[in-house]
Amino acid sequence: MSIIYEALKKAEPKPSKNLPPKKNFLKLGIVLIFLVGAGYLLINYLPKKEIKLPEKQKEKEILLSPSPQEAKPPLPQRQTPQKEAPISLTLSGILYSKELPLAIINNQTLKIGEEIEGAKILDIKEDRVIIEKDNKRVTLFLK
């Protein structure tokens with residue numbers, strides 16, 4: 001009977017050594033998930049470093065809002081309105097960029113050169129809008 005038993009052992013297919021056991025796939029999956037999670041945390045929660053650009057590149061940047069580190073120039077004193085006919089324009093917001101500044105006046109979004117109620121937008125600054133109505137220049141300030 002030992003001859004038959006030996007013959008059956010030889011005829012039995014042996015497991016292929018090319019494929020790793022399933023336990024290794026599980027370990028590999030867990031390690032990959034851990035690495036992806038760690039990378040996400042590193043990218044999103046580490047403090048961001050400021051990159052200082054050369055002066056030539058700083059001029060090309062679009063200024064959407066001044067950084068808190070930069071010193072802001074003092075705002076000009078508001079001029080007292082004259083007793084002539086009051087202007088019924090209300091400046092409620094400014095979307096400032098060097099390329100396309102926009103002003104929200106009487107709930108309308110306007111750019112330089114457009115008109116509202118007979119007043120033409122001459123210039124839009126970060127905190128004020130200069131308009132011209134009846135050949136008189138008036139500055140509207142944000143409140």
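The values are calculated or read from the model by the stated rules, or taken from the named source; none is laboratory data. These numbers come from a predicted model, not from an experiment. Heads up, the Cβs are rebuilt from the backbone with ideal geometry, glycines too, and the neighbour counts pull from every protein chain shown.
Things to note:
- Top-ranked residue in region 88-102 [being part of a loop (DSSP other than H, G, I, E, B) and closer than 13 Å to ILE130 by Cα; ranked as farthest from the chain's Cα centre (by Cα)]: LEU89
- Every condition in (1) modelled with pLDDT of 85 or more; (2) surrounded by fewer than 13 Cβ atoms within 10 Å (Cβ to Cβ); (3) touching a Lys or Arg at 6+ places or on another chain (Cβ under 7 Å) is met by GLU117 except one, and the failing one is (3).
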